[in-house]
Structures are given as C-alpha cells and as structure tokens.
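One structure below.
Any read-out appearing in this document is the output of simple, stated calculations on the displayed coordinates, not a laboratory observation. Just so we're clear, the structure is a prediction, and the values are computed from it rather than from any experiment. Ideal geometry is used to build each Cβ from the backbone, glycine not excepted, and the neighbour counts take in all protein chains shown.
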Amino acid sequence: MIKMLRVDHRLLHGQVAVSWKSALDVDCILVANDAVPGDALRKSAIKLAKPADTKLVIKTVDDSIAAINSGKTDKYKLFIVVESIADAARLCRECGIEHLNLGGTKATAGTRAISKAMNVTPEEEETLRALVSEGVDVEIQMVPDDSAVKVERAL
C-alpha cells in the first residue's frame, strides 16, 4: 500500500527518514530516480540515511512504475520519494496515485518560490495545475508537524 509519494530534491535524508517514516508508519522506502541506481556515491549516501528497521529500494522511475503496477510492492507500507515534479507526475498518472506531497526543490535561475523550500519552473507549475485538475491532491508540507498547504493556494 502506498502511504505517500513525496518530491524532495535531496531524496532520502534525516528529515525524511525519521519524521516521515514515523508519521506514516512505513516499512519500505522506494527511491524512484533515474540517476541514483548508477551512481555509487549517491546510492551509498542514501543507504546511510535509511532507518535500521526499514527496507530501502532504489530503482529507476520506469522500474518503480513496473514494480508498483505488478503488485510486488503491495505487501509493504510504502513511502515513495522522487527528486522532481516530472517524476512524481509520471508516478501519479501511471500508477493511479492520488496524493502528492511536495517537500523541497532547489532554487535556480528559472524557478520561483511557492513556499519556503518549493521552487518551481513555469513548466512545473503547469504540471502541478494539471495534476490538480486530474484529481490529484497536491500539498506542500516540509515535515509532518507543519500544516499542509494545498498547492493551488500557492501557485
């Protein structure tokens, strides 16, 4: 069962690993990212952040979608973390995920801040608006103790 899909450019780190794992009562974290499976250094850093009592799976986005849709992940209370809004949109659309948590994305020259830690490009804004119009509940929430803000209020 998918407990949450989250966008966080840092993927798995202390805040995610500890606070969200506890709040969601998950037993498996899936990092869905096309670069990390082939990057030994990033993979090692992510493994260090994993809580001891939690399974960690690192797959490409395509392999993550295939695993979710095959039912292989159904036995887990699953927390999925992606690095980008584009990857999150693919998972929502191809796996029927109806809730998306936005945690943080980097500020760059082409982005604007929609919250303390969420920075989006015009294309990402359009993607978020489309997800909302498709019925996906999209919220901005850094940590479980923060109040969730509906993304349409921030755009």
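Table: residues versus (1) surrounded by 13 or more Cβ atoms within 10 Å (Cβ to Cβ); (2) closer than 22 Å to Ile85 by Cβ; (3) out of contact with any Cys (no Cβ under 7 Å at 6 or more places or on another chain).
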{"site": "Asp8", "(1), (2), (3)": "yes, yes, yes"}
{"site": "Leu12", "(1), (2), (3)": "yes, yes, yes"}
{"site": "Ala32", "(1), (2), (3)": "yes, yes, yes"}
{"site": "Leu48", "(1), (2), (3)": "no, no, yes"}
{"site": "Leu56", "(1), (2), (3)": "yes, no, yes"}
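Exactly one residue out of Ala86, Ala109 is more than 23 Å from Cys28 (Cβ to Cβ), out of contact with any helix residue (DSSP H, G or I) (no Cβ under 9 Å at 6 or more places or on another chain) and not polar (S, T, N, Q), and it is Ala109.
Selection of segment 117-127 for residues being out of contact with any strand residue (DSSP E or B) (no Cβ under 6 Å at 6 or more places or on another chain) and closer than 21 Å to Met4 by Cα yields Val120, Glu124, Glu125, Thr127. If you go through segment 14-30 and keep only what is buried (at least 18 other Cβ atoms within 10 Å of the Cβ) and part of a helix (DSSP H, G or I), you end up with Val16, Ala17, Trp20, Lys21.
Remark: pairs (first residue in segment 107-121, at negative phi and of a type in the set (S, T, N, Q); second residue in a strand (DSSP E or B) and surrounded by fewer than 18 Cβ atoms within 10 Å (Cβ to Cβ); Cβ separation under 6 Å; 6+ apart in sequence or on different chains) = Asn119/Ala113. Residues in segment 34-46 that are outside any helix (DSSP H, G or I) and either surrounded by 15 or more Cβ atoms within 10 Å (Cβ to Cβ) or touching a Ser or Thr at 6+ places or on another chain (Cβ under 7 Å) (or both): Asp34 only. Of the helices (runs of 4 or more DSSP H) lying entirely inside segment 82-155, the ones with 2 or more residues being surrounded by fewer than 13 Cβ atoms within 10 Å (Cβ to Cβ) are found at 122-133, 151-154. For beta carbons closer than 9 Å, sequence separation of 6+ or different chains, a first residue in segment 47-59 that is in a strand (DSSP E or B) and a second that is surrounded by fewer than 16 Cβ atoms within 10 Å (Cβ to Cβ) and small (Gly, Ala, Ser), the qualifying pairs are Lys59/Ala66. Among the conditions (1) out of contact with any helix residue (DSSP H, G or I) (no Cβ under 6 Å at 6 or more places or on another chain); (2) over 13 Å from Leu30 (Cβ atoms), Thr127 misses just one, which is (1).
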